[in-house]
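Only one structure is covered here, and it is reproduced in the block below.
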Amino acid sequence: MFLTEQLKDTCTYQGIQLELDLTFDNILFFLEMLKDKELHIIEKILIGLEMLIENFEDIENLALEEKIDLYIYILENELDFVRKDQNDQENQGLKDDTQEQEEQEDKDYDFNVDGERIYASFLMDYGIDLLEQQGKMHWKKFMSLFSGLSEKTPFMQVVQIRTMDVPSPSKDNQKERNKILSLKRKYALEQNTGKTADEAFENIITAFGGKAGGK
């Protein structure tokens, strides 16, 4: 439970005390790295570990399998990235491939594209200057505040535009439809702008056959 847990920045792996950088800006850089299509998944894991672990040299000589296990452990236990239950994965497999692809491409937001709106929204709702919080605010705290942004904020207003339905055409609503379609075009995200944190984690899990950390 969030209110009873301490937002720590250390963990222990095989008796090694690891100093983690779980500040929100570092995790955002980490997620941007995961989007790089030129990097192999193993490269992403190794780069990710260097980004997440400040004393990376202490685990540098671990076997690759152990590094993968540690990487997944950190994402799952220290960052709360969600791994689908096996039953959910089986149910997901029953979906039509086209429908699933459309759902994956229909993103409501992108941290990079919406960065200025998110900054302005934190300032409006909480009086928090995220630039001043770089290197300080924990990812979990950032995400809790992020998920609680009010509908009046610039970020949430754009999300509402992206997700609103376009009414079926009629003789009386052409002007309204045109306005909605114009706003949707203005604030549309490109397809595959990036993955959410949980999707990035799920890709790693899938690639390694459901392997998860647990040490």
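The values are calculated or read from the model by the stated rules, or taken from the named source; none is laboratory data. This one's a predicted model, so the numbers in the text were calculated from it and none came from an experiment. We place every Cβ from the backbone using ideal geometry, glycine too, and count neighbours over all the protein chains shown. Just the protein is used for accessible areas: all its heavy atoms, side chains included, with ligands, DNA and RNA removed. Shrake-Rupley method; radii C 1.70, N 1.55, O 1.52, S 1.80 Å.
Data table
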quantity	calculated
Sites Lys152 and Val82 - FRET efficiency at Förster radius 22 Å, r taken between beta-carbons, to 0.05	0.20
Whole-Hz ³J(HN,Hα) from phi, Karplus 6.51 cos²θ - 1.76 cosθ + 1.60, for the stretch 182-188, glycine and proline x	5, 5, 5, 5, 4, 10, 5
In Hz, Karplus ³J(HN,Hα) per residue of the stretch 121-137 (6.51, -1.76, 1.60; θ = phi - 60°; x = Gly, Pro)	6, 5, 5, 5, 7, 10, x, 9, 8, 5, 5, 6, 8, 4, x, 10, 6
Pairwise FRET efficiency - Tyr73 versus Phe29, Cβ, R0 = 25 Å, nearest 0.05	0.80
Leu123 versus Ser170: modelled label distance in nm, points set 7 Å from Cα along the beta carbon direction	4.2
Inter-probe distance in nm under a simple model that places probes 7 Å from Cα toward Cβ, at Glu19 and Asn61	2.0
Accessible surface of the stretch 1-70, 1.4 Å probe, proportion on carbon and sulfur as whole %	51
Rg followed by Dmax, in Å, when the stretch 117-158 is reduced to its Cα trace	9.7, 28
Segments 39-51, 55-67, 110-122 sorted - mean Cβ within 10 Å per residue, highest first	110-122, 39-51, 55-67
Cα-based convex hull, the stretch 1-82, per residue volume (Å³, whole number)	101
